[in-house]
Amino acid sequence: MAAILAACSSDRPSTTPTSHAPTTVGADPSKPWWLQGNFGPVAQEIEAFDLEVLGALPPELSGLYVRNGSNPPRKNSSHWFFGDGMVHGVQLANGKAESYRNRYVHTSMYDSNADFGDSVPGKGANQANVSVVWHGNRLLTSGEVGFPHEIAATDLSTIGVHDFEGKLTTAFTAHPKIDPATGKMHFFGYGFTPPFLTYHVADSNGSLVHSEVVEIPNSTMIHDFAITEHDVIFWDLPVLFDLASAIKWIEEPESGVFPYKWDPSAGARVGVMPLGGPATRIQWFDIDPCYAFHGVNAFRRGPDVVLDICRLSSMFDSNDVLAGDLSLRRWTMNTASNTFSDEVIVEGPESGELPSRDPRRTGREHRYGYFVGTRDNPNTVEFGGLIKHDYSNDRREVWDPGPTKHANEWTFVPSIDNDTSDDAGWLICYVHDESTSKSELVVLDATNIKGGPVAQVPLPQRVPYGFHGTWVPSRSGGS
Ligand SMILES: [Fe+2]
């Protein structure tokens, strides 16, 4: 996401390697890049059945792959982040691709033709466009700055705002974490006004059972967090909500101003608190100013809490053309000695972003992390295929789909044949071909990504580059 978000901070062309101006963007200078090429919206909501399959879909891969993103329908959206949420789903079953459909999330903003910034975002007022999560037999979208919206796994229709029976009082992160041992969903919300950070737990049935404020000094943009078997980890980094910028952004959306600013004087820190609370026992570790959208995973090893993370040297800094330098890091917080260590794993745009992992390893030591790759380009960085990073030796394997094809976030679907080895499963993503303007669903065997796709499902319309997706297994009742 960092490369994506980096690009989102400006519509200026960039030559920095952390930018993400796509190859087809810029053809029409009268329009922002996020309305062009495959960043641009699709006009139709469609459904199609009995799709062609190239190769062989694993029969065990039965369920719904669904991914969210911005799809501004009517206006010149002021930012790639601020389009109305549209989900794209493909239903797989017993080796067949049964259907594809795309649907807007019918938020109040979508239904009233409102743009982000027309009113103060929060609660039900959000665009439900960042991610989608399956928990408690519900499929929830997140717009990050408000309540989730529930959608139907059967046909992606919108059921409505989900506020956990009125118990949720804050926003709902785009990156909740489901503990594989308990089925509990741990999540948080950050606020423009106090409380700036609130931690929540929903039980395995989806009932909100715990909420408490985590005290932090500023309104910072906190996109993701992590858990271990015993801990919750927050990164409170110096990208601060800026009211003056927010006002300018609302009044002059074409200005490209973003309502958050880089302010390293605010300091940076990582907090480790007990899983389930209380937040009063949080242990803070001061670190050098930086920013991170996404963690890969975290785990505890004795007194050490280990967090793998995609780090940016800065974000929304006016001195940056777009963003600071990207690197893959391993942060270790020793809770006994209160010391912090920062290990550089990979530096540069080739580090990869939009990380994913086997969900059975969430909060447990992982051998692998999966990232969308990037490509060398004298003018920009393009998303490419897939990086499989082996944390046991820091070696990586790459699947490159070819020079004109671009992937997004990969979703790991565990094998269901009781093979619990570290990479037993499948990796799924929408891949777009800029040369044909067509998209396909691609499935890779995680144990053999160099072998290329085991199956490709050409789709009846292109799928714009988006944000985050998930897998809803059929056996869970999702379809
Ligand atoms: Fe994200």
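A few notes on this one:
- Applying the condition of being β-branched (Val, Ile, Thr) and within 27 Å of residue 360 (Cα to Cα) to the stretch 215-229 and asking which residue is nearest to the ligand (Cβ to nearest atom) yields 222.
- Extreme residue, nearest to the ligand (Cβ to nearest atom), among residues of the stretch 104-134 that are part of a strand (DSSP E or B) and in contact with a strand residue (DSSP E or B) (Cβ under 6 Å, 6 or more places away or on another chain): 131
- Pairs, first under 24 Å from residue 66 (Cβ atoms) in the stretch 427-454, second of a type in the set (Gly, Ala, Ser) and outside any strand (DSSP E or B), C-beta under 6 Å, six or more apart: 427/446; 429/407; 431/407
- Options 61, 57; residue that is within 20 Å of residue 411 (Cβ to Cβ), modelled with pLDDT of 80 or more, within 24 Å of the chain's Cα centre (by Cα) and in a loop (DSSP other than H, G, I, E, B): 61
- Odd one out for residue 237 among (1) within 16 Å of the ligand (Cβ to nearest atom); (2) under 20 Å from residue 307 (Cα atoms); (3) out of contact with any helix residue (DSSP H, G or I) (no Cβ under 9 Å at 6 or more places or on another chain): (3)
- Contact annotation: residue pairs with Cβ atoms under 7 Å, 6 or more positions apart or on different chains, pairing a residue in the stretch 273-285 that is within 15 Å of residue 182 (Cβ to Cβ) with a partner that is buried (at least 17 other Cβ atoms within 10 Å of the Cβ) and among the aromatic types (Phe, Trp, Tyr), are 277/199.
- Number of positions in the stretch 142-171 that are farther than 27 Å from residue 247 by Cα and among the hydroxyl-bearing types (Ser, Thr, Tyr): 3
- Residue that is surrounded by the most Cβ atoms within 10 Å (Cβ to Cβ), among those in the stretch 138-196 that are away from the ligand (no atom under 16 Å from the Cβ) and among the charged types (D, E, K, R): 184
- Considering (1) in contact (Cβ under 8 Å) with a residue 40 or more places away in the chain; (2) within 16 Å of the ligand (Cβ to nearest atom), the lone condition that residue 88 does not fulfil carries the number (2).
- Flag for residue 325 being away from the ligand (no atom under 16 Å from the Cβ) and touching a strand residue (DSSP E or B) at 6+ places or on another chain (Cβ under 6 Å): no
- Residue list for the stretch 259-301, filter: outside any strand (DSSP E or B) and within 16 Å of the ligand (Cβ to nearest atom): 292, 293, 294
- Applying the criterion of being of a type outside the set (A, V, I, L, M, F, W, C), modelled with pLDDT of 95 or more and surrounded by fewer than 18 Cβ atoms within 10 Å (Cβ to Cβ) to the residues of the stretch 342-358, the residue that is nearest to residue 398 (Cα to Cα) is 343.
- Restricting attention to the stretch 420-479 and to residues that are in a strand (DSSP E or B), more than 16 Å from the ligand (Cβ to nearest atom) and of a type in the set (Val, Ile, Thr), the residue that is surrounded by the fewest Cβ atoms within 10 Å (Cβ to Cβ) turns out to be 454.
- Residue 141 being in a loop (DSSP other than H, G, I, E, B), in contact (Cβ under 8 Å) with a residue 40 or more places away in the chain and polar (S, T, N, Q): no
The values are calculated or read from the model by the stated rules, or taken from the named source; none is laboratory data. A quick note: this is a predicted structure, and the numbers were derived from the prediction, not measured. When we count neighbours, we look across all protein chains shown, and the Cβ atoms used for this are built from the backbone with ideal geometry, even at glycine.
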